[in-house]
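Read through the structure below, which is laid out as structure tokens, and then see the notes.
Where a number appears in this text, it was derived from the coordinates with a stated rule and is not lab data. Please read all numbers here as calculations on a predicted model, not as lab measurements. Cβ placement follows ideal geometry from the backbone for every residue including glycine, while neighbour counts extend to all protein chains displayed.
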Amino acid sequence: MNFTDTGIVLDARAHGETHAVVDVFTEHHGRWAGLVYGGQGRRQRPLLQPGNEVSLEWKGRGEDSLGHFALEMAHARAGEAMGDRLSLAGLSAACAVALATLPEREAHARAYQAMAVLLANLDDMDVWPALMARWELGLLAELGFGLTLDRCAATGARDNLIYVSPRSACAVSAGAGAPYKDKLLPLPAFLRGASVEASLAEAIDALTTTGHFIETRILHLSDRQLPEARLRVAELLSARV
């Protein structure tokens, strides 16, 4: 069995003395692991940095085998992000979330394409924090845990929706949520499509909400928390407000 695809490197770990096992989020085959011969060597290490976009061929004896990758660099995203602390943190966070949430060998092309857009904009601080929140929102929907953000869970109203219920994952209007606002999550207008632009503070609010549901709807199933890299990027962004 073999296939060719494009992908984003998510993680690489040592295997034996010279090789590496690499997790790649591929466009048409989902998250896929494979052995890279010589992956710990000087030539291969730069290629295997998380966030790099690669063209690849995977070969294995069957669908259940680990198999091995032959990889070529398509876009050195990791190297580009090295020059900016926040960009690198955003790249690391996106890769960590994808690695933690995506099931193995299950195609999620829309999530892949949205992640590629996010990584391509990491050089624009005015854009990428909101893109990350939108990507996480889409990832939740792609994995079957979508939020209902077009109407109030309590009244059915479609206006003035500014909260999200952490229990029902549904929007709540300002009026209905006022008595419980300290227990509700923020719902910035851009996250529900009511606004195109988002301030950094709104992006941070959105990441608070999407992070909550990634942790409680997906990661809790295997008794895990948000990845450290994802917590770190939220802290760094909050320090900029």
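Descriptive notes on the structure:
- Selection of trypsin sites (Lys or Arg not before Pro), segment 28-117, meeting DSSP coil and at most 15 other Cβ within 10 Å: Arg42, Arg43, Arg61, Arg105
- Shape category assigned to segment 28-77 from the gyration tensor of Cα positions, a/c cut at 1.5: oblate
- Ordering Thr209, Val127, Val172 by the projection of their Cα atoms onto the charge dipole of segment 104-241, which places +1 on the Cβ of Lys and Arg and -1 on the Cβ of Asp and Glu, puts Val172 at the extreme positive end.
- Relative contact order %, the chain, counting alpha carbon pairs below 8 Å whose residues are six or more apart: 16 percent
- The sum of -39500 (n - 2.57) across all DSSP H runs of n ≥ 4, divided by the residue count of the chain, sets its helix-only mean residue ellipticity at 222 nm to -10000 deg cm²/dmol.
- Restricting segment 131-199 to GluC sites (Glu not before Pro) that sit in a DSSP loop and have at most 14 other Cβ atoms within 10 Å of their own Cβ leaves Glu197.
- Prolate/oblate/rounded call for segment 59-192, Cα gyration tensor, a/c under 1.5 rounded: oblate
- Relative contact order %, segment 123-241, counting alpha carbon pairs below 8 Å whose residues are six or more apart: 23 percent
- For segment 1-109, a/c is not less than 1.5, where a ≥ b ≥ c are the root eigenvalues of the C-alpha gyration tensor, and a/b does not top b/c. That puts it in the oblate class.
- Antiparallel DSSP beta bridges within the chain, percent to nearest 5: 90 percent
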